[in-house]
Amino acid sequence: MPDDRRPPHSGPGAGWTTRRWLRSGVALALAALALLGGAGFWVLDRTQMLSTELVDVRSPAMSTSFRLEAALLNQETGIRGYGLTGNPVFLTPYQQGLADERAYTARLAELLRGNDTGLADLAALGTAVAAWQQDTARPIAESPPGTPSPEAAASATAGKAGFDAVRAGLQRQQEHLSADRARARTDLLSTMRLRNWLFGAIAVVILLLTVLAFEGLRRGVTRPLERLGSDTRRVTGGDFGHPVSTAGPADLRRLGEEIDSMRLSLVRELSFTEEARMRLDAQAADLQRSNAELEQFAYVASHDLQEPLRKVSSFTQLLQRRYGGQLDDRADQYIGFAVDGANRMQVLINDLLEFSRVGRVHQSHQEVDLEKTLERTLDALSVAVEEAGAVITHDPLPTVIADPTQMGMLWQNLIANAVKFRRPGAHPVIHVSARAQADGRWHFAVTDDGIGIGPEFAEQVFVIFQRLHTKDVYGGSGIGLAMCRKIVEFHGGTIAVDPEHREGTRITFTLAAGAPAASADAPAPAADGPVAERPAR
């Protein structure tokens, strides 16, 4: 037989089991996801920070700077109008502008906390505003209302140059704030693009990990298992020469190798069993042929011995009738011995002939009413039963599929033995019982109160020509129970002496309710005439 073993797997990871591959894959996937998740968290935090700075700091600082500019313009307009007209109405926007200036300046200082450039611009603007107010705004505001004075008009005109310095400070501040807001917007847009790319990369990595996981499971687990299952099904289907694959992780390879080892063991066992079966078939064929030859020899021998034996018996009987009493006593004794021997030989040959016919001549299986068969047997044995004073009872007996002639022979031998082997001076009591078994067979028992059979002879009594008594004590050829065993076994049953029964003898046997399987293989019946049925143990 070719060697189906494969070379051992080698290379990195060859000794890894499925659990180790899964753990490593899950660990790498979790590490990659953790790294990408950390980067994503940082990008989201950065985006949130830039968005908050743009919305809550840069844009409000720019708008507050514009409002501060408006407040300062209101102051300049009110002071200049009051200085030119002396009308106190112009002082209202100036005073409102002062209040707004203080509020917006405080708001800008809060928004620009940590922004050195912004705070420096705010401080320079405050210095310019303070100089303009000190040199121009306050003197004009403190002048009495009424008609404009030439000094106030001249101061208002001169204050325009000081307010230009305020405008320059506002412009510088707004330019810096605008640049800061533009940078914040640019950083926000860049971070948002990075965020989008990063989350796209996370999605791609997750998709890639999913594909790799499914492909890894398919190549490392699913496909080896499918191949292993397919190979195993082929082996269980009868293709024992097909090798079992050993691919995949180490544990799956070990499983495949163990299954393949089992397959090789089965192949060896099946090869050995097949060889043993062939030898057994050959021996069974030889034994069957030998048994058939022996049965045929017994039949032919017993059949061919009938004619010369009848001549011997006839002539010895003629001698006995013609010369009986004319010779001396010793001659008469010799003639009696010859006649008795010839008669016993004829009985023995007839019994042997009947034994050889079991399974060859009588094998017409049909429904047999065992109760009617037993009644016919009792009628045939009525003389012996009456002489012995036997009392024979029986349970209701079933109908079975069997050969009616052999069933009659079975009952005749069993009942005749029970009558013959009775206790001296006692009338035998015989009972035939029957009960159905769970396996569908019938269990029968023929029980008597006779002399019994010792346990040590329980098997010997079923051997042909084996006798437990001499012919002077109990007659017979010693073939009766052997014939009963042959009949019962021919019908697929078993027969034995019940060792538990002590008061007499109990012969038990089983019969199938249907036709026995062995009947299909029985030899063809021989063409032979009927022979008288004779009981014997």
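Can you compute the FRET efficiency between residue 423 and residue 369 using 1/(1 + (r/R0)^6), with r the Cβ-Cβ distance and R0 = 35 Å? Round to the nearest 0.05.
0.60
With a 1.4 Å probe and all protein chains in place, put 263, 181 in order of accessible area, largest first.
So, going from the largest accessible area down, we get 181, 263.
Hey, what's the range 62-116 come to in accessible area per residue, 1.4 Å probe, Å²?
For the range 62-116, the per-residue accessible area is 51 Å².
How much length is gained if the chain between residue 378 and residue 51 is pulled fully straight, taking 0.36 nm per residue apart and subtracting their Cα-Cα distance, in nm to one decimal?
105.7 nm
Ordered by packing density, taken as the mean number of other Cβ atoms within 10 Å over each peptide's residues, highest first, how do 399-411, 165-177, 223-235, 431-443 rank?
399-411, 165-177, 223-235, 431-443
Between residue 282 and residue 197, with labels modelled 7 Å along Cα→Cβ, what's the label distance in nm to one decimal, could you check?
8.5 nm
How far is it, in nm, from the label point at residue 459 to the one at residue 179 when both lie 7 Å from their Cα along the line to the Cβ?
Taking the simple label geometry, residue 459 and residue 179 are separated by 12.1 nm.
May I ask for the net charge around residue 249, where only other residues with Cβ less than 10 Å from the Cβ of residue 249 are counted and Lys, Arg are +1 while Asp, Glu are -1?
+3
Give me the number: length gained by fully extending residue 247 to residue 131, i.e. 0.36 nm times residue separation minus the C-alpha to C-alpha distance, one decimal in nm.
Taking 0.36 nm per residue and subtracting the Cα distance, the gain is 32.6 nm.
For a quick protection proxy, order the peptides 214-222, 417-425 by their average other-Cβ count within 10 Å, most packed first.
The densest-packed peptide leads the list: 417-425, 214-222.
Which residues in the range 87-125 have a backbone N closer than 18 Å to a point placed 7 Å from the Cα of residue 167 along the Cα-to-Cβ line?
The answer is 125, whose backbone nitrogens lie closer than 18 Å to the label point.
The values are calculated or read from the model by the stated rules, or taken from the named source; none is laboratory data. In this text, all values refer to a predicted model and were calculated from it rather than measured experimentally. Every residue, glycine as well, gets a Cβ built from its backbone with ideal geometry; the counts of neighbours run over all protein chains shown. We work out accessible area using only protein heavy atoms, side chains counted, and drop any ligands, DNA or RNA first. Shrake-Rupley method; radii C 1.70, N 1.55, O 1.52, S 1.80 Å.
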